1. Out of the strands (runs of 3 or more DSSP E) lying entirely within region B:161-217, which hold 1 or more residues that are over 29 Å from residue A:53 (Cβ atoms) and more than 17 Å from the chain's Cα centre (by Cα)?
2. Suppose we keep only residues that are in contact (Cβ under 8 Å) with a residue 24 or more places away in the chain and within 15 Å of residue B:166 (Cβ to Cβ) within region A:18-33. Which one would you say is nearest to the chain's Cα centre (by Cα)?
3. In this structure, is residue B:102 over 17 Å from the mean Cα position of the chain (by Cα), more than 28 Å from residue A:28 (Cα to Cα) and touching a residue at least 12 places away in the same chain (Cβ under 8 Å)?
4. Which one is farthest from residue A:70 (Cα to Cα), of the residues in region A:1-34 that are of a type in the set (Gly, Ala, Ser) and at pLDDT below 90?
5. Among the residues of region A:67-85, what is the count of those that are in contact with a strand residue (DSSP E or B) (Cβ under 8 Å, 6 or more places away or on another chain), in contact (Cβ under 8 Å) with a residue 24 or more places away in the chain and within 14 Å of chain B (Cβ to nearest Cβ)?
6. Here are B:2, B:38, B:49, B:77: which of them is within 12 Å of chain A (Cβ to nearest Cβ) and either surrounded by fewer than 21 Cβ atoms within 10 Å (Cβ to Cβ) or at pLDDT 95 or above (or both)?
7. Which residues, taken from region B:169-199, are crowded, with 18+ Cβ neighbours inside 10 Å and within 14 Å of chain A (Cβ to nearest Cβ)?
8. Does residue A:87 qualify as being out of contact with any Gly (no Cβ under 6 Å at 6 or more places or on another chain), more than 18 Å from residue B:24 (Cβ to Cβ) and β-branched (Val, Ile, Thr)?
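The values are calculated or read from the model by the stated rules, or taken from the named source; none is laboratory data. The shown structure was predicted, so the numbers you read here are calculated from the model rather than taken from an experiment. Quick reminder, even Gly has a Cβ in these numbers, built from the backbone with ideal geometry, and neighbours come from all protein chains shown.
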Amino acid sequence: MKKFNLCVLMILSFNLQAAEIIKAEVNGMVCAFCAQGIEKKLRKLPQIQDVTINLKNHIVAVALNDQHTLTVNTIKDLIKDAGYDVTDIKVMQGDLQQFKQP
Amino acid sequence: MRILILGLCLLWALPATAGPMGFQSSWMSMGDLGPNWREAFVNYALTSRDAIGISQTYMRSDNKLQTRDLSEITYTRLLYRLNQAHAQSNLWFVSGIGGINIDNNQPEAKPEVQQKIMLSPGVSADYETRRLYFSATQRLYRSENLNHDYSALRAGFSFYETDYTQTQPWLVIEARQMHDLTEQVEVTPMLRFINKQYFIEAGVNNTQQVRFNFMFIF
């Protein structure tokens with residue numbers, strides 16, 4: 001039973017860490033009050049599991065739900081609609097934790 | 001000379017934190033509350049650059065005799081935005097049209113309250129980094145035989161940088177003047193707290209009046 005639990009934990013842990021992430025570098029994000037528009041717009045998308053905004057490194061990163069796909073252009077357009085400019089955007093595997101400010 | 005200085009400030013796009021509207025499809029409410037000036041508005045962002053709303057403004061002269069009540073429909077337009085890695089600059093067009101109640105309450109004359117149509121076009125420019133903030137606003141408040149033009153300059157700094165989820169404290173100083181009502185320049189140092197959900201400011205001006213400002217986006 002212990003081995004089974006361990007396996008489940010490992011699988012869950014692997015899935016959490018290996019989520020598909022879209023990371024965008026965004027110009028103009030200087031205050032949390034203003035950047036809230038980005039988070040609110042992104043969270044409305046059903047494909048998105050979580051959102052992280054890092055003001056210091058001007059990064060917006062989103063974790064996608066399993067079996068959902070989302071083009072980088074959708075994210076780019078949403079951030080632009082919120083009033084900001086995306087300078088770089090890429091899809092990667094990983095954990096949103098790495099983008100949070102310490 | 002004062003107009004020239006203000007104009008130069010605008011040309012140099014002096015800064016401002018949160019602008020006078022939120023993001024597309026959002027509502028913004030704002031209040032600027034003090035004994036001589038009380039303004040509250042709510043607007044809706046139709047696009048990422050345009051917002052319409054309603055506004056209510058109460059103005060009072062330094063001698064407390066003259067008062068104005070202005071109810072307006074407003075239109076706000078983001079004319080220009082420059083997004084940089086560590087800064088943002090904006091130029092806004094703000095305007096309103098509505099009715100103003102004028103009460104001059106002169107001691108030697110009989111009480112008289114007039115109602116007029118008022119137009120209030122203006123521009124506002126701001127520049128902001130994560131630690132510094134500047135803004136300049138010039139707005140005309142005009143009606144028949146009435147001129148209450150409003151000028152304001154703001155500058156501030158934050159005590160330290162914060163994460164997106166934390167509350168950031170700032171010290172902001174505002175100097176403002178309203179023609180024909182408050183001839184002396186009102187100077188107010190204010191503590192500002194910015195969070196991803198709210199924006200509040202509180203301070204005491206150079207005539208020992210308490211002021212409180214807030215903004216919410218929903």
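1. Those strands (runs of 3 or more DSSP E) span B:182-194.
2. Taking the candidates together, the pick is A:29.
3. Criteria met by residue B:102.
4. Initially, region A:1-34 is screened for residues of a type in the set (Gly, Ala, Ser), giving A:13, A:18-19, A:24, A:28, A:32.
Filter again for at pLDDT below 90, leaving A:13, A:18-19.
Values: A:13: 23, A:18: 16, A:19: 13 Å.
My answer is A:13.
5. Of the residues in region A:67-85, 5 are in contact with a strand residue (DSSP E or B) (Cβ under 8 Å, 6 or more places away or on another chain), in contact (Cβ under 8 Å) with a residue 24 or more places away in the chain and within 14 Å of chain B (Cβ to nearest Cβ).
6. B:49 is the lone residue from the list that is within 12 Å of chain A (Cβ to nearest Cβ) and either surrounded by fewer than 21 Cβ atoms within 10 Å (Cβ to Cβ) or at pLDDT 95 or above (or both).
7. Of everything in region B:169-199, those that are crowded, with 18+ Cβ neighbours inside 10 Å and within 14 Å of chain A (Cβ to nearest Cβ) turn out to be B:170, B:172, B:192, B:194, B:196, B:199.
8. So residue A:87 passes the test.
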